[in-house]
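**Student:** Dropping a structure here in structure tokens format, bear with me for questions.
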Amino acid sequence: MASSSAPPPSTPPPSSLSASSYYEVPWVEKYRPTKVADVVGNSDAVSRLQVIAREGNMPNIILSGPPGTGKTTSILALAHELLGPHCKEAVLELNASDDRGIDVVRNKIKMFAQKKVTLPPGRHKIIILDEADSMTSAAQQALRRTMEIYSNTTRFALACNTSSKIIEPIQSRCALVRFSRLSDQEILERLLTVVETEKVPYVPGGLEAIIFTADGDMRQALNNLQATFSGFHFVNEENVFKVCDQPHPLHVKNMIRNVLEGKFDDACSGLKQLYDLGYSPTDIITTLFRVVKNYDMAEYLKLEFLKETGFAHMRVCDGVGSLLQLSGLLAKLALVRETAKAP
Amino acid sequence: MGKRKTAVVCSTSPEEDAGRKQGSRSSSSKSFAAARKRTRGGSSQCGVGEISDKPPSRGAEAFARLSEDYCECLQDFPSTQGMQCSKGNELWVDKYKPSSPAQLAVHKKKVEEVKNWLRERLIASKEKFGNHVLLITGQAGVGKSAAVRVLAAHMGAELCEYSTPTPTLWHEHVHNINSGLSYRSKLDEFEAFVEKIGKYSLLSSSNAGASRKATIILIDDLPVTNGRVAFGRLKKCLTALTRFAQLPTVILVTEYHRTDNVPTSHFEELVSLLERAGAYKVAFNRLTVNSIKKVLSHICQEEKRELPSIQIDQIAKASCGDMRNAINSLQFWCLSPDNLLISYVSNSMDINSRVLSDSNKLSPIVGLFGHEELNCGTDFSYGRDETLTLFHALGKFLHNKREVMDQIGLELESLTLREKFERNPLKMDAPEKVLSQAYGKARPVTDFLHENVLDFISDGAIDDTWLVTSYLSDADCLLASSLLSHSSQKLTEMDDSQRVSQPVAASVAIRGVLFGNKQPLSSRWHAIRSPRLWQIEQSAQHHKNKLMVERFYFSNGFSLSLSQMVTDYMPSIKWLGSHTTDDNGHEKLIQCITTDLIPPADNFSSNTIESTFREKIEDDEIEDW
């Protein structure tokens, strides 16, 4: 029940080979951890959730953090571990796609809280509100008293991206647990296990590329991996960037290096190549930003480069997405380098 | 009861009855009352429906019907208590509820104030008092309801809480439209409740009987109103309640931070309205760190968990004066695996070693906060206050600690810069990483840096200030685009663009401060202030939004710019409002304008416009329930 209700990730069109043989489950679902202990990253928070899974008596909690860091997964796994066979009747899961207006909160949630289910000691009914920051504040207000009155039998678990969108009275009634982006190492470990069980042929560079494109988001990493695999049956750098349709960071990196070395012509021709490949200016700039962020250069240069990239991005977002803008960005970067260079 | 049949979820499994006490199962109202008494731990609180075991007066009956749902939810409690086998099953918030006035963490003077008010009303309730309404305001978790509960119990009064019945779903109502169920909004129900309290004074009449205890009515969840008309009704209702209440009534209103994106306008309006109507207002301030700490360490003692005092201090600080959140955080924090193991073996030797092991265990996380704060940086991630995690990151950015110069490292770089652009390597991880570990967001970071950076720049360094300010303004400019998209419709495209603009802005701000501050002041202790500019901006935004909403209500037929709203519409509303005691200046203005616009002779069309207006308003109301 739990896994099926999650929003379906963007699966690639299955290749002719696999489509004819069987229907492929999205790997995000297939490899979704079912135990709290298996959740990757955020070890401190997860270890506490593990204790809850063992001891019961779950407090009301809010999990907040960026997407793809395992909030929903941990809650679902926690609910399964706590309630086991009672899961069907003792868990109410509502996410943003369900009707969650004020009347539903007042009626459905209250009815569920009043419902009587025989549970082992230390276990409570659980109401999971996924994407709770999309609830209206009126609906959240209506939740307030319910949370308190039925705390003997029913506990709440909320997941959200920004905790400040949860109204204060609700925040006050919950323990707030923050999730942060996963580190590259953590994602890599998980990818390796998936690659092994799915028998995906790969080169290390390919996995690195996937991690680069995922940017700390496990869901995206798995989706990209599956997309690359079903598209090309081989995971290397090139295929990953083809599938994810992002400019190759190495290419962009070369561009930056050329600028830093004063070879402006080379940098420009590199940019032209990228542009001719059909990448949109936004994509190029996004990659450029990530590359600059991690590029090892003098502090002043990095600061100025970031600033110029930011402004160029702003202009592109305003609608001026021409090659001229991108070349202008390169020119500005070169200018920064010229002014800063020791005579 | 008819209402309930429509609900699908409500079902009682028969085998479960074994676990609960048989007496509570019987449906006589006497045992309802008894059960209720038991549930609330023998304290003297009980539902409004209590009067139903008296010989029914006319009003009482109506009242009982109104509050019948409340009885039902109270009925649930005995069953849950029967199920409760082990002791450790409660939330600590419930378990350690204050039970005597001395235990309240609220300031003594405020408690005294409430107590005196209640005593006056309770003892001399026969005498004539102007008003019977007490209004308690305060932020979430400062102990408003706890104070009222404890004091009522202390004085031996019954506390009757207004609680809204479970409503039927709208589509269920549509489905069963012929079965005679009536569909009422919360506001309707609240109005009916107030009306009954005022008209029949039924509680006092049934009180007249014998040695009944005095009664206090508690109203905690006021119906949520949405839109001007519904809010107007609520206001009218509350005014009536304040004027005609016969029994001491306590209304709790939760105060919000101004910075919240929740509409707060209603709060101030409600409070001032109630005060004008004659309610006595007591404002609870947020709790001090010390009082929270006291309670937390008391709980730790009771639970036999030994926590380092630094830890308690951190939790108390992170809770922003919110006791409930502090206790919740404490409970969650105590779940740490090795805490559990060691809490059973409680001797002082272990405690020391555990503190060590704790800081070791957490050190990978702590490491990011810097070496000097190793033992106090354990878990910032559990408080309500997001800024606390930010503070440590900000402190690092502002103090701007750098390695001592060594030429060898610089020689290796391919590109040498002019001297004025050279900086020594930073004594920290990449700023972006520090920020992400501190859960920082671009906007607040920029504002905080802006507010505080001047304190950290040495006195004569005007050049540094110039640099820092220009970078901060760049960051602000970069953020502006995301601000725009924030206020407008959230498109996925916008989200995408924010993925770049936000981190860029944060990086520029932080790196700008790091780079620009060439000779930071030697590390001196500075308090980091919260940005004033930000607050002003927030409230400006908030007022604008409010006006936009009003414009929406006002604008069918007329289109007004924002400045017209401010210069023409608002003053006239105020002016009209000063002439009328009621708060329907808005409607009056509409009348004025409609009659202004339409020749007076043409009464018919004026009426139609008026009526379309009303229709429009009524349409709105349906959504509001």
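The values are calculated or read from the model by the stated rules, or taken from the named source; none is laboratory data. These numbers were taken from a predicted model, which means no experiment stands behind them. With ideal geometry, Cβ positions are generated from the backbone for all residues, glycine too; neighbour counts draw on all protein chains shown. Side chains are part of the model used for accessible areas, which takes the heavy atoms of the whole protein and leaves out ligands, DNA and RNA. Shrake-Rupley method; radii C 1.70, N 1.55, O 1.52, S 1.80 Å.
**Student:** Just to confirm a number: summing +1 for Lys and Arg and -1 for Asp and Glu over residues other than B:LYS420 whose beta-carbon lies under 11 angstrom from that of B:LYS420, what do you get?
**Tutor:** Numbers: positive: B:ARG418, B:ARG423, B:LYS518; negative: B:GLU419, B:GLU422, B:ASP463.
Result for the neighbourhood of B:LYS420: 0.
**Student:** Here's another thing I want to ask about it. Using a Gaussian network model on chain A with a 10 Å cutoff between Cα atoms, which of A:LEU94, A:LEU250, A:LEU324 fluctuates the most?
**Tutor:** Most flexible of the set in this elastic network: A:LEU324.
**Student:** Checking the table A:LYS71/A:LYS307; A:LYS71/B:LYS186; B:LYS401/B:LYS441; B:LYS144/B:LYS544 against a 24 Å threshold on Cα-Cα, which pairs fail? Don't jump to the answer; show the numbers that get you there.
**Tutor:** Working: A:LYS71/A:LYS307 33 Å; A:LYS71/B:LYS186 34 Å; B:LYS401/B:LYS441 22 Å; B:LYS144/B:LYS544 31 Å.
Too far apart for the 24 Å limit: A:LYS71/A:LYS307; A:LYS71/B:LYS186; B:LYS144/B:LYS544.
**Student:** Would you please classify the overall shape of segment A:222-343 from the alpha carbon gyration tensor, given that a ≥ b ≥ c denote the square roots of the eigenvalues, rounded means a/c under 1.5, and beyond that prolate means a/b larger than b/c while oblate covers the rest?
**Tutor:** Details: a/c = 2.11, a/b = 1.76, b/c = 1.20.
Prolate.
**Student:** Sticking with this structure for a sec: Under the 0.36 nm per residue contour assumption, what length would be gained going from the current alpha-carbon distance of B:LYS294 and B:LEU562 to full extension?
**Tutor:** Values: separation 268, 0.36 × 268 = 96.48 nm, distance 5.05 nm.
So the extension gain works out to 91.4 nm.
**Student:** List the residues, sorted by chain then number, that are 5 or more residues from A:LEU92 or on another chain and whose placed amide H is less than 5 Å from its amide H.
**Tutor:** Amide H neighbours of A:LEU92: A:ILE126, A:ILE127, A:ILE128.
**Student:** Show the residues, 5+ positions off or on another chain, whose built amide H is closer than 5 Å to the amide H of B:LYS281.
**Tutor:** B:LEU135
**Student:** What nm value, rounded to one decimal, do you get for the distance between A:LEU323 and B:SER272 when each label is placed 7 Å out toward the C-beta?
**Tutor:** Result: 6.2 nm between the two label points.
**Student:** Under the rule of at least 5 residues apart or a separate chain, name every residue whose amide H is placed under 5 Å from the amide H of B:LEU159.
**Tutor:** B:GLN45, B:CYS46, B:ILE216
**Student:** Next question, about the same structure. Using the Cα centre of segment A:185-244 as the reference point, and only Cβ charges (+1 on K/R, -1 on D/E), how large is the resulting charge dipole? Debye, rounded to the nearest 20. It would help to have the intermediate numbers written out before the result.
**Tutor:** Details: 4 positive and 9 negative charges, 42 e Å.
It comes to approximately 200 debye.
**Student:** Please give the residues of segment A:275-308, grouped as numeric ranges, whose backbone N is less than 17 Å from a label point set 7 Å along the Cα-to-Cβ vector of A:ALA342.
**Tutor:** A:297-301
**Student:** Same structure again: Just flag the trypsin sites (Lys or Arg not before Pro) in segment A:92-165 sitting in loop per DSSP whose Cβ has no more than 12 other Cβ atoms within 10 Å. Working shown, then result.
**Tutor:** Working: sites: A:ARG100, A:ARG106, A:LYS108, A:LYS110, A:LYS115, A:LYS116, A:ARG123, A:LYS125, A:ARG144, A:ARG145, A:ARG155, A:LYS165; in loops: A:ARG100, A:LYS115, A:LYS116, A:ARG123.
For trypsin sites (Lys or Arg not before Pro) across segment A:92-165 that sit outside H, G, I, E and B with at most 12 neighbouring Cβ atoms in 10 Å, the list is empty.
**Student:** Placing +1 on the Cβ of each Lys and Arg and -1 on the Cβ of each Asp and Glu in segment A:249-339, which of A:GLN273, A:MET314, A:LEU330 has its Cα farthest towards the positive end of the resulting dipole?
**Tutor:** Result: A:MET314, furthest along the dipole toward the positive end.
**Student:** In segment A:199-296, what trypsin sites (Lys or Arg not before Pro) fall in a loop by DSSP, with at most 13 other Cβ atoms inside 10 Å?
**Tutor:** In loop regions of segment A:199-296 (DSSP not H, G, I, E or B), the sparsely surrounded trypsin sites (Lys or Arg not before Pro) are A:LYS199.
**Student:** What ³J(HN,Hα) values, in whole Hz, does the Karplus curve 6.51 cos²θ - 1.76 cosθ + 1.60 give for segment A:288-300 when θ = phi - 60°, with x put for Gly and Pro?
**Tutor:** 4, 4, 5, 5, 4, 4, 9, 6, 8, 8, 4, 4, 5
**Student:** Can you give the FRET efficiency for A:ASP296 and A:LEU192, using 1/(1 + (r/R0)^6), R0 = 25 Å, r = Cβ-Cβ distance, to the nearest 0.05? Present the calculation step by step, with values, prior to reporting the outcome.
**Tutor:** On the way: r = 27 Å, r/R0 = 1.08.
Plugging the Cβ-Cβ distance into 1/(1 + (r/R0)^6) gives 0.40.
**Student:** Here is a further query. Could you work out the local net charge near A:MET135, counting Lys and Arg as +1, Asp and Glu as -1, over the other residues with Cβ closer than 10 Å to its Cβ? Don't skip to the end; give the middle numbers.
**Tutor:** On the way: positive: A:ARG100, A:LYS165; negative: A:GLU131, A:ASP133.
For residues surrounding A:MET135, the net value is 0.
**Student:** So how many Å³ per residue does the convex hull of the Cα atoms of chain A work out to?
**Tutor:** Working: hull volume 57.3 nm³, N = 343.
Output value, Cα hull per residue: 167 Å³.
**Student:** Okay, moving on. Using the crude model of +1 on Lys and Arg Cβ and -1 on Asp and Glu Cβ, and no other charge, please compute the dipole size for segment A:72-187 relative to its Cα centre, in debye to 20.
**Tutor:** Details: 16 positive and 13 negative charges, 120 e Å.
Rounded to the nearest 20 debye, it is 580 debye.
**Student:** Relative to the first principal axis of the alpha-carbon coordinates of chain A, what is the inclination of helix A:137-149, with its axis defined by its Cα atoms, in degrees from 0 to 90 and to the nearest 10?
**Tutor:** 40 degrees
**Student:** Enumerate the calculated ³J(HN,Hα) couplings along segment B:110-121 in order (Karplus 6.51 cos²θ - 1.76 cosθ + 1.60, θ = phi - 60°), each rounded to whole Hz, writing x wherever the residue is Gly or Pro.
**Tutor:** Once rounded to whole Hz, the list reads 5, 4, 4, 4, 5, 4, 4, 4, 5, 4, 3, 5.
**Student:** Of the cross-linked pairs B:LYS110/B:LYS235; B:LYS110/B:LYS293; A:LYS263/B:LYS518, which ones have a Cα-Cα span greater than 23 Å in the structure shown? Each step should come with its number before you reach the end.
**Tutor:** Numbers: B:LYS110/B:LYS235 26 Å; B:LYS110/B:LYS293 20 Å; A:LYS263/B:LYS518 31 Å.
In this structure, B:LYS110/B:LYS235; A:LYS263/B:LYS518 lie more than 23 Å apart at Cα.
**Student:** Right, something else. Please list, in order along segment A:33-44, the HN-Hα scalar couplings obtained from phi with the Karplus expression 6.51 cos²θ - 1.76 cosθ + 1.60 (θ = phi - 60°), rounded to whole Hz, x for Gly and Pro.
**Tutor:** So the Karplus estimates, Gly and Pro as x, are x, 9, 10, 4, 5, 7, 5, 7, x, 6, 4, 5 Hz.
**Student:** Okay, moving on. Can you compute the charge dipole magnitude of segment B:290-343 about its Cα centre, using +1 on each Lys and Arg Cβ and -1 on each Asp and Glu Cβ, nothing else charged? Give it in debye, rounded to the nearest 20. Intermediate results must be reported in sequence, preceding the final value.
**Tutor:** Values: 6 positive and 6 negative charges, 31 e Å.
In debye, rounded to 20, segment B:290-343 gives about 140.
**Student:** Also, I was wondering about something else. Need one value: the accessible area of A:GLU81 in square angstrom, 1.4 angstrom probe, rounded to the nearest 10.
**Tutor:** 70 Å²
**Student:** If each residue of separation counts as 0.36 nm, what is the full-extension length gain between A:SER280 and A:LEU250 once their alpha-carbon separation is subtracted? The partial results should precede the final answer.
**Tutor:** Details: separation 30, 0.36 × 30 = 10.80 nm, distance 1.72 nm.
Using 0.36 nm per residue and subtracting the Cα-Cα distance, I get 9.1 nm.
**Student:** Would you mind classifying segment A:27-178 by shape? Square roots of the alpha carbon gyration tensor eigenvalues, ordered a ≥ b ≥ c; an a/c under 1.5 is rounded, otherwise it is prolate if a/b is larger than b/c and oblate if not.
**Tutor:** Details: a/c = 1.55, a/b = 1.16, b/c = 1.33.
Oblate shape, in that a/c is at least 1.5 and b/c is the bigger or equal ratio.
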